[in-house]
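The values are calculated or read from the model by the stated rules, or taken from the named source; none is laboratory data. This one's a predicted model, so the numbers in the text were calculated from it and none came from an experiment. As a convention, Cβ positions derive from the backbone with ideal geometry for all residues, glycine included, and neighbour counts pool all protein chains shown. These area figures cover heavy atoms from the full protein model, side chains too; ligands, DNA and RNA do not enter into them. Shrake-Rupley method; radii C 1.70, N 1.55, O 1.52, S 1.80 Å.
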Amino acid sequence: MRPSDPVAIITGAAGGIGAAVARRLSLDGFGVAVLDLQEAACRPVVESIEQAGGRAIAVGADVADEDAVARAVETVAERLGAPSVLVNNAGVIRDNLLFKMSLDQWQQVMAVHLQGAFLMSRATQRHMVELGWGRIVNLSSTSALGNRGQSNYASAKAGLQGFTKTLAIELGRFGITVNAVAPGFIATEMTRHTADQLGMTFEEFKASAAERIPVGRVGQPDDVAATVSFFARDEASFVSGQVLYLAGGPRA
Ligand code: NAD
């Protein structure tokens, strides 16, 4: 059974999808650690959760930094309680065509998505194993299936799917499930930045994306939050190692 006073860590939660997931897990009864690069940037999300009656703390850490991750997870355990849910959501894009992509662009994306998820999961699983209950949810993407200009990001997001399935096998016996959400177009700063790069307004970019999506709209952060909420439930204890494509239709 889910522990009493359960605690969730959401990385990259100062805005976008992570902030929506943090708010949703708070409504689901979790104390929430809102983790992002800068602690100050997390405070508005913490305040909105507290105003709604929830319990939250802001934590500043770079998920790609081993020492910072260790400190962050221990801070959460001391101030909120042992974490039993981890949402590996922190992410960056450094898009470029292969022939122009720098090693730095490749490595930055790998460091945040893959190394970040690895370090955060390794540091957090100890608490979940002790509790005998845990949920890890990784943010993959439809880009895992291939996307022009995103060889770094697509590789990282496909890698996260292998990571998800392997952790599901290793951690299942401890009552821990591990799943991934692979969203298509979600309206956040990340997609706004892509619109800028393409020389389109965000409204034009969303409208053109919506034309190709069967449900006729782009996704919102709350769409992802609802999916994470499902994976984090007690009732989802037999769902593990899965990748749920969340794209308003069957294809990316
Ligand atoms: P966003 O840019 O709005 O938010 C990402 C957050 O991650 C930011 O607050 C940023 O500060 C934080 N972050 C970046 N590097 C970090 C690091 N090293 N340590 C800690 N925090 C760090 O992006 P978003 O659209 O909300 O995306 C969230 C996740 O969902 C990402 O993993 C992204 O790849 C994935 N995703 C997004 C979309 C989309 O269409 N927006 C689609 C599929 C997958």
**Item:** Mean separation of Cα contacts under 8 Å (6+ apart) over length of the chain, as relative contact order %
**Value:** 19 percent
**Asked** How far apart, in nm, are two points set 7 Å out from the Cα along the Cα-to-Cβ line at Ala210 and at Thr75?
**Response** 3.9 nm
**Request:** Note down the nm distance, to one decimal, between modelled labels 7 Å out along Cα→Cβ at Leu103 and at Thr166.
**Result:** 2.4 nm
**Message:** What figure, in Å² to the nearest 10, do you get for the accessible area of Phe163 with a 1.4 Å probe and non-protein molecules left out?
**Reply:** 40 Å²
**Message:** Angle check, please: helix 221-231 long axis (alpha carbons) against the longest principal axis of the chain (alpha carbons), in degrees 0 to 90, nearest 10.
**Reply:** 40 degrees
**Message:** Below 20 Å, Cα to Cα, which aspartates and glutamates can Lys100 reach? Residues fewer than 8 away in the same chain don't count.
**Reply:** Asp196
**Prompt:** Among the lysines, which have Cα under 26 Å from the Cα of Lys206 when same-chain residues fewer than 8 positions away are ignored?
**Reply:** Lys157
**Percentage of interatomic Cα-Cα distances in the chain larger than 29 Å** = 25 percent
**Item:** All aspartates and glutamates inside 14 Å of Lys165 as judged from Cα atoms, apart from same-chain residues fewer than 8 positions distant
**Value:** none
**Complete:** With all protein chains present and a 1.4 Å probe, the order of Glu74, Glu204 from largest accessible area down is Glu204, Glu74
**Prompt:** For the Cα atoms of the chain, what angle does the longest principal axis make with the long axis of helix 66-79, in degrees from 0 to 90, nearest 10?
**Reply:** 50 degrees
**Message:** With only alpha-carbon atoms in the gyration tensor, what are the semi-axes of the equivalent ellipsoid for the stretch 172-214, in Å, largest first?
**Reply:** 33, 13, 6
**Request:** Using the heavy atoms of the protein chains and a 1.4 angstrom probe, tell me the accessible area per residue for the stretch 1-143 in square angstrom.
**Result:** 42 Å²
**Request:** Give me the angle, in degrees from 0 to 90, between the Cα long axis of helix 16-27 and the longest principal axis of the Cα atoms of the chain, rounded to the nearest 10.
**Result:** 30 degrees
